[in-house]
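Student: The structure's right below; bear with me while I get my questions together.
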């Protein structure tokens, strides 16, 4: 009589190359995040943030109409957009038979928001005093950047990995990056806030995808075992 595989052996079987790659990328993303955090609060990044603001100011002076466009773009990374979008998009997906994808998006947004709030509270960095519009809350990491990666990045993964629409995936990721950069243009975040938001969002999304991959594969194997002959 063969002994059933140990829990460790079963888990090792679930660690596909894709999952291992996602975990490695996650470690790299959060290493970048904490490197930025160390540099920001050690103050050597002041020059980088000032240079980014200077570039934004030159663009604003050269193209005065750009500010209105930037304000419109930045809306798509705000809580006013994400709160309804994070409910409507999963509802729509579930209605059309994409229940698992809907759950993935819900977890991505709920977990991403909670993580961003925890990180803001931990680092407690005030916003720039030169902001062009009033914005409540703390500065590091940028919520717009992090949540845009969580939302549009999750959609990019779903349409690319599961439906082969990699062109749309690229557009969604570029859109997320553009939203993050609008925060620097408007002086409501430092450039390092935005970079950390991108890194945190990527790290969270990769961790989520790796976790779901392990869970779903384990669930599938359990179903196959349960449905097999006794």
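Student: Can you give me the Kirkwood hydrodynamic radius for the range 49-210, using every pair of distinct Cα atoms, in Å to one decimal?
Tutor: When all Cα pairs of the range 49-210 are included, the Kirkwood radius is 16.1 Å.
Student: Could you work out how far apart the two model spin labels at residue 178 and residue 59 are, taking each label as a point 7 Å from the Cα in the direction of the beta carbon, and quote it in nm?
Tutor: 1.1
Student: Give the peptides 154-164, 82-92, 127-137 in descending order of average Cβ contacts within 10 Å, highest first.
Tutor: Most protected by this proxy first, the peptides run 154-164, 82-92, 127-137.
Student: Would you list 144, 187, 124 from fewest to most Cβ contacts within 10 Å?
Tutor: 124, 187, 144
Student: Expressed in nm to one decimal, what extension gain is obtained for the pair residue 166 and residue 85 from 0.36 nm per residue of sequence separation less their Cα-Cα distance?
Tutor: Result for the pair: 27.0 nm of gain on full extension.
Student: If you don't mind, there's one more thing I want to ask. How long is the gain from residue 50 to residue 118 if the chain were fully straight, where each residue apart is worth 0.36 nm and the alpha carbon distance is subtracted?
Tutor: Taking 0.36 nm per residue and subtracting the Cα distance, the gain is 21.9 nm.
Student: Just to confirm my numbers, what's the Cα centroid distance between the range 82-108 and the range 132-211 in Å?
Tutor: When both Cα centres are located, 18 Å separates them.
Student: At residue 103 and residue 71, where each label point lies 7 Å from the Cα along Cα→Cβ, what is the point-to-point distance in nanometres?
Tutor: Rounded to a tenth, the inter-label distance reads 4.3 nm.
We did not get these values from a lab; they are worked out from the coordinates using the rules stated. All values derive from a computational prediction rather than experimental measurement. Cβ sites come from the backbone with ideal geometry, for glycine too, and all protein chains shown count toward neighbours.
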